[in-house]
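Please read the structure below before turning to the comments.
A short reminder: the numbers here are calculations on the coordinates, not readings from a lab. The structure presented is a predicted model; accordingly, all values stated were derived computationally and were not measured. FYI the Cβ positions are ideal-geometry reconstructions off the backbone, even for glycines, and counts take in every protein chain you see.
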Amino acid sequence: MSVQLDPDLLRTFVAIVDAGGFTPAAKQVHRTQSAVSMQVRRLEEALGRALFQRDGRGVQLSPDGEALLGYARRLLKLHDETVAALTRPDLAGLVRIGTPDDYVDRFLPEILVRFARAFPRVQVEVNCEPSVNLRRMLAEDRLDLALITCTPGAETGEVVRREPTVWATAERHLAHEHEPLPLALFQSGCPFRDWALAGLSGLGRPYRIAYTSASISGILAAVTAGLAVTVLCRSVLPAGVRPLGVEEGFPPLPSASITLHRGGAVSAVAECLAGYIREGFGADAPPVSVPAVGRVAVAA
């Protein structure tokens, strides 16, 4: 008898990986923790493979679980695009989305292309603002959706991705060796700015804020010219810019939690785009390991 993979089971499996455990995944898929555990058992029984390695302290992905993850993401993407294209081809309207511009070039093109194919009559308005401004715009009902950077442990909204945050400098320059350290940072209210200043203050290393910008283009202009060091998500570093590590005298930084927030009255078209954003930000996330996801208790 051939194996049939239930999309609901795959969706729960992916949610456990992306949310970092059974308990947060249960909230994301609107089920109890025991129901999530039961769904995982059903998926493991259907495949005849253990997807998580369990011990007395918690669970992590097994090798078979890591192999399934990429296939599950692709199957769910195709499933959702098929359903959208055949059940809502005439969906129309406007969706207003806000995002810090450091995520625009890296993530949005693929998301918007796929969304446009499924919903060609929907207009998308993209507003690039720092996270602190996006919160205010949501409160003022000027946005339907917003991607906001949060500090780990203080997340609000739905976590769609966790990104390593790194110090960055130009490959061919030595700005990172200057004293005081010249910095190119986003404006006040940005978590990256706060983490950078707190880390250097903790080390007692002198610094000066040489450049400030609300735009990643402005930040990278100073960095690539060899005029300053900055803090960014590792995945957005362009060619010619490299990360700096502890071995070079830079303190470790928190990972950034990228969260999806909804406005007060979310339309059907906005919910559709939210699904594409969720998949787009999680599609190439690295496989879960214990340091990234941590150990999580298995529901009884």
Magnitude of the charge dipole, the range 7-86, Cβ model with Lys/Arg +1 and Asp/Glu -1, debye to 20
160 debye
What is the helix-to-structure angle for 191-203, meaning the angle in degrees between its Cα long axis and the longest Cα principal axis of the chain, kept from 0 to 90 and rounded to the nearest 10?
60 degrees
Report, in whole Å, the centroid distance computed from the Cα atoms of the range 178-257 and the range 1-75.
37 Å
Can you compute the helix-only [θ] at 222 nm over the chain? Use -39500 (n - 2.57) per DSSP H run of at least 4 residues, normalise by all residues, nearest 500 deg cm²/dmol.
-13000 deg cm²/dmol
Principal axis lengths of the range 165-248 from Cα atoms, whole Å, largest first?
30, 28, 21
With x for Gly and Pro, the residue-by-residue ³J(HN,Hα) of the range 32-48, computed from phi through the Karplus equation 6.51 cos²θ - 1.76 cosθ + 1.60 at θ = phi - 60° and given in whole Hz, is 6, 5, 5, 5, 5, 4, 5, 5, 5, 4, 5, 5, 5, 5, 5, 8, x
Computed over the range 165-248: relative contact order in percent, which uses C-alpha pairs under 8 Å that are six or more apart
49 percent
Do you know the relative contact order of the chain, to the nearest whole percent, from alpha carbon pairs under 8 angstrom that are 6+ apart?
25 percent
Taking the DSSP beta bridges in the chain as the whole, what percent of them are antiparallel, to the nearest 5?
60 percent
Mind checking the dipole of the range 102-161: about its Cα centre, +1 per Lys or Arg Cβ, -1 per Asp or Glu Cβ, Debye to the nearest 20?
200 debye
Calculated on alpha-carbon atoms, Rg and Dmax of the chain in Å
20.9, 69
In order over the range 142-151: 3J(HN,Hα) from phi, Karplus 6.51/-1.76/1.60, θ = phi - 60°, whole Hz, x for each Gly or Pro, gives 9, 9, 9, 9, 8, 9, 10, 7, 10, 6
